[in-house]
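Everything below concerns the one structure shown next.
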Amino acid sequence: MVIFMKKALRQILKMIVQNLVLPVAYFIFCVQKVKPGVVILADGHCTKRPERMEALFEELQKRNYEVIEWYVDFQAIPYVKAMIKMLSFMKLYARANYVVISDNFLPVSSCKKRKATFVIQLWHGCGAFKKFGYDTQDDIPADYIGHVFKNYDLVPVSGPKSIEPFTSAMRLEEGVCQPIGVSATDVYFDESYNRSCVEAFYEKYPETKGKRILLWAPTFRGNAANPTLCGEDEISVLKEKLGPSWCVLTKYHPHMEVKGSKSSTDIPTERLLPVIDVLVTDYSSIIFPYAIYDKPAIFYAPDLSAYWTKRGFYLDYESLPGEVCKNAQEILDAIAKAEVSFDGESMRTFYEAYMSGCDGSATKRIVDIMDTKRYRS
C-alpha cells in the first residue's frame, strides 16, 4: 500500500512538473528571441553524446551550426535535481532554432513550442517491428496526461513502410515522418568504419580469432520501467552445444542493463554488426540495420504467441528473413542450415522493403532540410 501511494504521488508530481512548471518556465524564457542556427542535441538517458547522434553532430559542425549539447541520465539523479536540469533545458529550448532528440524526451513535449523552433526526433531504431508508443498498452502509462510526442516537426524513418506505423504510434500529423533514412546507419556504408569495428573487436578478444561469432540480442518484455527477459536458459544450452568453435555474445537492451542484466560485452551493438556471423534476436529492431550486411538472422521467439496477442507487430512475423525458433535445438538446426545455404535473397527483399531510405547519405538529407528551416531574425 505504501509503495503504491509513493508511485501515485511520484506520478502526480511528474504530471504537475510536466503540465504546469515546465510550460510556465518556457513561457517566461520566451521573452528572449530565438537564436538563428542554434541546435540543441538533447538526451535524457545518458551523460554523453549518444553514438546515434555522432554523424549528425559532425555534419552540423561542417556546416557551421552552433551546437549546444545537453545530456543527462534522469534515472541516475534525484527528482529535485532532475527538475532543475529540466528547467535549464527549457531555457535553452525557448531560444533554440533546432532541437534534436533520439528517444522519448518529455521536456520537449511539455509545452506549446515556438514556430521558429524545429524539433527533430531521430529515434533510436530503424524500421517498424513491434508496436510501440500509443499503439500498445505497455509504453505509455494510462494516467499520463499530455502528448508524449508533441511538437515533432520531422521524424526521419528508414523507409516508406515505416511512415504509417511511426505516424500512428506517435500520433503525428501527416508529413512529419519522412523516409529519408536514419542518420545512425550512414556509418554502416563506410568500409573504414566496418574495418575499425572488426579490428577493435579482435584486439579486445584475440581468443575469438578463427571462431564463428553469434550474437544474441533480445529486446525486453513489458514496459521500460519494469522490463523482463525471456529465453536465457535456452541460450545457455545453445552456447554449450555449439562448442569451442563458436563465440556466443549476449547484448541486452539498455532497460535490462539498468535492471541488472549484464551483457557479455560492453562493445555497442552497432559496432558488433560488422563483426558477427549470425544474429539471433526476437522482436528487436536491430534486425533492420543488420539487414544492410546481408548475413544470416535467426528469430528466437519462445513466447511468440503470447507476445503477438499482448503487444502485436507492424509486420508479418512469419515472413521475416530467417528461421523462427522456439528452443536451442531449433536454433542449432537453423544455424546448420544457414551455414550450408544462406538465403540472401529474402534478406535483400526485406532490406528493400524496410531500409531503402538508408544508403549512407541520410544525415546530409536531414541537415539539408534543417538548412531550409533556418530562422531569420
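The values are calculated or read from the model by the stated rules, or taken from the named source; none is laboratory data. Predicted, not measured: the structure shown is a model, and the values here were computed from it. Cβ placement follows ideal geometry from the backbone for every residue including glycine, while neighbour counts extend to all protein chains displayed. What goes into the accessible areas is simple: the full protein's heavy atoms, side chains included, and nothing from ligands, DNA or RNA. Shrake-Rupley method; radii C 1.70, N 1.55, O 1.52, S 1.80 Å.
If I ask for residues that are among the aliphatic types (A, V, I, L, M) and under 14 Å from Pro179 (Cα atoms), which ones from segment 345-364 would you list?
Taking segment 345-364 first, the residues among the aliphatic types (A, V, I, L, M) are 347, 353, 355, 362.
If the condition is that a residue be among the aliphatic types (A, V, I, L, M) and under 14 Å from Pro179 (Cα atoms), then Ala353, Met355, Ala362 are the ones that fit.
Which one is nearest to the chain's Cα centre (by Cα), of the residues in segment 119-137 that are assigned to a loop (DSSP other than H, G, I, E, B) and within 12 Å of Tyr283 (Cβ to Cβ)? Talk me through it step by step, then tell me what you get.
Of the residues in segment 119-137, the ones assigned to a loop (DSSP other than H, G, I, E, B) are 122-129, 131-132, 136-137.
Add one more test, that the residue is within 12 Å of Tyr283 (Cβ to Cβ), and what stays is 125, 127-129, 131-132, 136.
Values: Gly125: 4, Gly127: 10, Ala128: 11, Phe129: 12, Lys131: 14, Phe132: 12, Thr136: 17 Å.
Checked segment 119-137; the qualifying residue nearest to the chain's Cα centre (by Cα) is Gly125.
Residue count for segment 45-87 under the criterion of being out of contact with any strand residue (DSSP E or B) (no Cβ under 8 Å at 6 or more places or on another chain) and under 22 Å from Gln32 (Cβ atoms): the result is 5. Among the residues of segment 152-168, the ones that are of a type in the set (A, V, I, L, M) and either in contact (Cβ under 8 Å) with a residue 40 or more places away in the chain or on the phi > 0 side of the Ramachandran plot (or both) come to 2 in all.
Can you tell me which of (1) touching a His at 6+ places or on another chain (Cβ under 9 Å); (2) crowded, with 19+ Cβ neighbours inside 10 Å; (3) farther than 20 Å from Thr269 by Cβ; (4) not hydroxyl-bearing (Ser, Thr, Tyr) is the one Pro218 doesn't meet? Evaluating Pro218 over (1) touching a His at 6+ places or on another chain (Cβ under 9 Å); (2) crowded, with 19+ Cβ neighbours inside 10 Å; (3) farther than 20 Å from Thr269 by Cβ; (4) not hydroxyl-bearing (Ser, Thr, Tyr) leaves (3) as the failure.
The criterion of at least 1 residues that are modelled with pLDDT under 95 and more than 21 Å from Ala184 (Cα to Cα) is met, among helices (runs of 4 or more DSSP H) falling completely within segment 246-299, by 254-258.
Inside segment 186-241, can you point out the residues that are basic (Lys, Arg) and more than 16 Å from Leu272 (Cβ to Cβ)? Answer for segment 186-241, where residues must be basic (Lys, Arg) and more than 16 Å from Leu272 (Cβ to Cβ): Arg221, Lys239, Lys241. Taken as a whole, the structure places Ala338 among residues that are in a helix (DSSP H, G or I), among the aliphatic types (A, V, I, L, M) and farther than 29 Å from Leu122 by Cβ. Among the residues of segment 52-84, just one is closer than 18 Å to Ser361 by Cβ and of a type in the set (Gly, Ala, Ser), namely Ala55. Suppose the filter is among the β-branched types (Val, Ile, Thr) and either within 24 Å of Tyr193 (Cβ to Cβ) or modelled with pLDDT of 90 or more (or both); does Thr363 pass it? So Thr363 fits the description; yes.
Report yes if some residue within segment 149-169 is in a loop (DSSP other than H, G, I, E, B), buried (at least 18 other Cβ atoms within 10 Å of the Cβ) and among the acidic types (Asp, Glu); otherwise report no. Yes, segment 149-169 contains a residue that is in a loop (DSSP other than H, G, I, E, B), buried (at least 18 other Cβ atoms within 10 Å of the Cβ) and among the acidic types (Asp, Glu). Given (1) farther than 30 Å from Thr208 by Cβ; (2) in contact (Cβ under 8 Å) with a residue 24 or more places away in the chain; (3) not aromatic (Phe, Trp, Tyr), identify the lone condition not met by Thr372. Unmet for Thr372, out of (1) farther than 30 Å from Thr208 by Cβ; (2) in contact (Cβ under 8 Å) with a residue 24 or more places away in the chain; (3) not aromatic (Phe, Trp, Tyr): (2).
If a residue has to be among the polar types (S, T, N, Q), modelled with pLDDT of 80 or more and in a loop (DSSP other than H, G, I, E, B) to count, how many in segment 205-245 make the cut? Please lay out each step first, then the result.
Going through segment 205-245, the residues among the polar types (S, T, N, Q) turn out to be 208, 219, 223, 226, 228, 236, 245.
Remaining after also requiring modelled with pLDDT of 80 or more: 208, 219, 236, 245.
Checking which are in a loop (DSSP other than H, G, I, E, B) leaves us with 219, 245.
Residues that pass the stated criteria total 2.
Taking segment 136-148 as the search range and keeping residues that are in contact with a Lys or Arg (Cβ under 9 Å, 6 or more places away or on another chain) and over 18 Å from Asn226 (Cα atoms), which one is most open to solvent (accessible area, probe 1.4 Å)?
Of segment 136-148, the ones in contact with a Lys or Arg (Cβ under 9 Å, 6 or more places away or on another chain) are 136-139, 144, 147-148.
Still in the list and also over 18 Å from Asn226 (Cα atoms): 147-148.
Values: His147: 54, Val148: 10 Å².
In this case the residue turns out to be His147.
The selection criterion, being crowded, with 20+ Cβ neighbours inside 10 Å and either part of a loop (DSSP other than H, G, I, E, B) or of a type in the set (A, V, I, L, M, F, W, C) (or both), does not hold for Val324. Does Ala94 satisfy being in contact with a Cys (Cβ under 9 Å, 6 or more places away or on another chain) and either of a type in the set (Asp, Glu) or under 30 Å from Phe299 (Cα atoms) (or both)? Taking the combined requirement at face value, the residue does not satisfy it.
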